[in-house]
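Accompanying notes for the structure given below.
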Amino acid sequence: MRIAIYPGSFDPVTLGHLDLILRAEKLVDRLVVAVLHNPAKQCAFSVAERVDFLRELLAQDTSIEIATFHGLLVDFAHQLGARFIVRGVRAFSDFEYEFQMALMNRKLAPDLETVFLMPKEEYSVVSSRMVREVGAMGGDISGLVPEQLCERIAARLQNPAQLG
Ligand code: PNS
């Protein structure tokens, strides 16, 4: 069974993430979307909210699971029996960070292969960081995040005190 892990912060999930998930799903038998639980990092959305958003979007998809992890990604990948780590590269600017991470993960766990996928061109400038910034200033984030979550994401970004 081909199992892949798609790790990230997903703070919040974007249309770029969703595009990547649907591409990765076609390549494997089981895809685990893994939300990093990093108490040291201040996020706009709680881990539970980020997981709920992903579950809501992917509820119909039986080959996709949503999980959380803390600690090393490679340890969690081994626990799952995953052989592949999926990451997205949008532009050249992503490359250095992704390259370093992939090589570090390879050093830690040579049995795991990082697979890079490119999202649809129109999502090449979409990132969670941009969504947070635009949303916090009351800008329009439709077309950047999944439509069914758009209002909730926008409301939270404008009222960060309501972090759940
Ligand atoms: O969406 P992001 O924030 O770019 O995802 C980064 C993530 C979660 C994939 C990365 O920070 C990670 O894997 N963290 C777990 C800690 C780890 O394994 N570090 C060593 C490899 S760099």
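The values are calculated or read from the model by the stated rules, or taken from the named source; none is laboratory data. Because the structure is a prediction, the values reported are computed rather than measured. Please note that ligands, DNA and RNA were not included when accessible areas were found on the heavy atoms of the full protein model with its side chains. Shrake-Rupley method; radii C 1.70, N 1.55, O 1.52, S 1.80 Å.
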Solvent-accessible area per residue, Å², over the stretch 18-70 with all protein chains present [probe radius 1.4 Å]:
52 Å²
Explain nothing, just compute: Karplus ³J(HN,Hα) = 6.51 cos²θ - 1.76 cosθ + 1.60, θ = phi - 60°, for every residue of the stretch 58-68 in order, whole Hz, x for Gly and Pro.
10, 4, 7, 8, 6, 8, 10, 10, 10, 9, 10
Relative contact order, percent, the chain [alpha-carbon distance under 8 Å, six or more residues apart]:
30 percent
Over the stretch 1-68, relative contact order from alpha-carbon pairs under 8 Å, at least 6 apart, %
40 percent
Carbon and sulfur %, accessible surface of the stretch 3-63 computed with the full protein complex present, 1.4 Å
51 percent
Under 5 Å, built H, 5+ apart or other chain: amide partners of Gly88:
Leu117
